[in-house]
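Take a look at the structure set out below.
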């Protein structure tokens with residue numbers, strides 16, 4: 001959740017679009033969500049000015065997709081339009097890095113709309129071999145994130 005999403009949530013409570021009880025349910029996921037295999041940091045953008053990133057290496061495709069989904073849902077929760085495919089103003093960017101072919105394909109199948117860029121090849125001592133990618137959902141525009 002970023003400052004804009006928090007402002008939307010508070011405004012939704014003020015105008016009656018969201019009940020206080022619903023707002024509490026949304027805020028319960030803060031500062032992190034424990035998925036069992038990962039703790040997803042929902043306050044990183046507020047604390048550090050940079051969005052949370054999912055480091056793919058060492059995770060299964062299912063784990064990468066679940067973390068991406070959690071981050072997308074967090075950005076959508078504070079919006080009035082909602083949904084993981086909401087437009088760029090609805091939430092901070094979601095970034096999957098060092099994703100192999102299987103991880104990137106699974107995350108994009110579960111959450112369409114990400115932009116995939118092949119960033120290199122894993123060779124040698126890397127845990128995986130082949131093309132590695134970065135996938136970004138809701139890319140940040142100029143000046144959209146405080147320090148960017």
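The values are calculated or read from the model by the stated rules, or taken from the named source; none is laboratory data. All figures in this text were calculated on a predicted structure; none of them were measured in a lab. Glycine gets a Cβ as well: all are built from the backbone with ideal geometry, and neighbour counts include every protein chain shown.
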Item to complete: Out of 68, 128, 54, report the one residue that is assigned to a helix (DSSP H, G or I), in contact with a strand residue (DSSP E or B) (Cβ under 8 Å, 6 or more places away or on another chain) and either under 22 Å from residue 42 (Cα atoms) or modelled with pLDDT under 90 (or both).
Response: 68
Discussion item. If a residue must be part of a helix (DSSP H, G or I) and under 15 Å from residue 73 (Cβ atoms), how many such residues does the range 24-44 contain?
Written reply: 3
Item to complete: Using the structure shown, decide if residue 27 is more than 19 Å from the chain's Cα centre (by Cα), free of Cβ contacts under 8 Å to residues at least 60 places away in the same chain and under 18 Å from residue 91 (Cα atoms).
Response: no
Discussion item. For the range 60-72, which positions are touching a residue at least 40 places away in the same chain (Cβ under 8 Å), crowded, with 20+ Cβ neighbours inside 10 Å and closer than 12 Å to residue 106 by Cβ?
Written reply: 64, 65, 68
Worksheet, complete the sentence: Flagged in the range 86-125 as part of a helix (DSSP H, G or I) and either within 13 Å of the chain's Cα centre (by Cα) or modelled with pLDDT of 60 or more (or both), in numbering order, are 88, 90, 101, 102, 103, 104, 105, 106, 107, 108, 109, 110
Worksheet item: Which one is nearest to residue 57 (Cα to Cα), of the residues in the range 23-39 that are touching a helix residue (DSSP H, G or I) at 6+ places or on another chain (Cβ under 8 Å), surrounded by 12 or more Cβ atoms within 10 Å (Cβ to Cβ) and at pLDDT 80 or above?
Response: 38
Item to complete: Considering (1) on the phi > 0 side of the Ramachandran plot; (2) out of contact with any strand residue (DSSP E or B) (no Cβ under 7 Å at 6 or more places or on another chain); (3) modelled with pLDDT of 90 or more, say which one residue 83 fails and leave the rest.
Response: (3)
Worksheet item: Out of the residues in the range 41-51 that are in contact with a strand residue (DSSP E or B) (Cβ under 7 Å, 6 or more places away or on another chain) and crowded, with 20+ Cβ neighbours inside 10 Å, which is farthest from residue 97 (Cα to Cα)?
Response: 42
Worksheet item: Out of (1) surrounded by 20 or more Cβ atoms within 10 Å (Cβ to Cβ); (2) in a helix (DSSP H, G or I); (3) modelled with pLDDT under 85, the odd one out for residue 76 is which?
Response: (1)
Worksheet entry | residue 34 being under 30 Å from residue 102 (Cα atoms) and free of Cβ contacts under 8 Å to residues at least 24 places away in the same chain | yes
Practice prompt. Identify all residues within the range 1-22 that are on the phi < 0 side of the Ramachandran plot, assigned to a loop (DSSP other than H, G, I, E, B) and surrounded by fewer than 17 Cβ atoms within 10 Å (Cβ to Cβ); write none if there are none.
Written response: 17, 19
